[in-house]
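The structure appears below as structure tokens.
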Amino acid sequence: MRLVAVAAIGLLALTGCGKKGRHSDGGGLGSGGFVSGGGGGGDTPLSTPSGVPTDLPTDLPTDLPSGLPSYTPSPSYSYSAPPTYNSDGTNDVSATGCDYDETTHSFQYSLTIRNPESQSMRYGISVKWTDQSTASLLGSDYESVTVMAGSSQTVKATSYRYLTEQTSFTCKVDSVLKFPS
């Protein structure tokens, strides 16, 4: 019985009920009282803490959208198929003047590239000089040339080799690859 009475008195003291005018003014535990839970009687209302603005707007908009806005991406590009072309440019190259220059000790072959495409193309041309009697490789060259659409260009393939005896040889355009530049 005594224990129930002590517990009841302790509960009344903690909630601030039971005596009028004894509520804390918001000063916390260091000011000598308990902070009221806001539900008990008392004639003195709590004061507004300092530093809190009192001129808050009361006319807030009530027609705010609910949920997140929806977003539908629209493509900012258009796709068109790339122009077609034949990557084997062998038919675009004609060669003349298969020769050996004894002064410069070099094989030479004149290449004329005609670009029939509707865009500029880059040509990679491989040329080989071969000994006719032994089929051994005497020289080679690689030329890389850009030719504008519908135009032609001439380049000279060259390979340096010192020949000490009479040699019969052939010139051959080994491969021609082309791609848009």
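The values are calculated or read from the model by the stated rules, or taken from the named source; none is laboratory data. No experiment lies behind these values; they were computed from the predicted model shown. We place every Cβ from the backbone using ideal geometry, glycine too, and count neighbours over all the protein chains shown. Accessible surface areas use protein heavy atoms only, side chains included; no ligands, DNA or RNA. Shrake-Rupley method; radii C 1.70, N 1.55, O 1.52, S 1.80 Å.
Observations on the structure shown:
- The order of Tyr123, Tyr85, Tyr160 by accessible area, most exposed first and with a 1.4 Å probe, is Tyr160, Tyr85, Tyr123.
- Ser110 sits among other residues whose Cβ lies under 13 Å from its own Cβ, and their net charge, with Lys and Arg +1 and Asp and Glu -1, is -3.
- Annotation: Ser140 carries an accessible surface of approximately 70 Å², with a 1.4 Å probe and no ligand, DNA or RNA atoms counted.
- What the phi angles of the stretch 117-133 give under the Karplus curve with 6.51, -1.76 and 1.60, with θ = phi - 60°, is a coupling list of 6, 8, 9, 5, 10, 9, 10, x, 10, 10, 10, 10, 10, 10, 5, 5, 7 Hz, glycine and proline written as x.
- Computed over neighbours whose Cβ is under 9 Å from that of Tyr123, the net charge equals 0, Lys and Arg +1, Asp and Glu -1.
- Around the amide H of Glu117, modelled in the peptide plane, lie the amide H atoms of Gly150, all under 5 Å away and 5 or more residues distant in sequence or on another chain.
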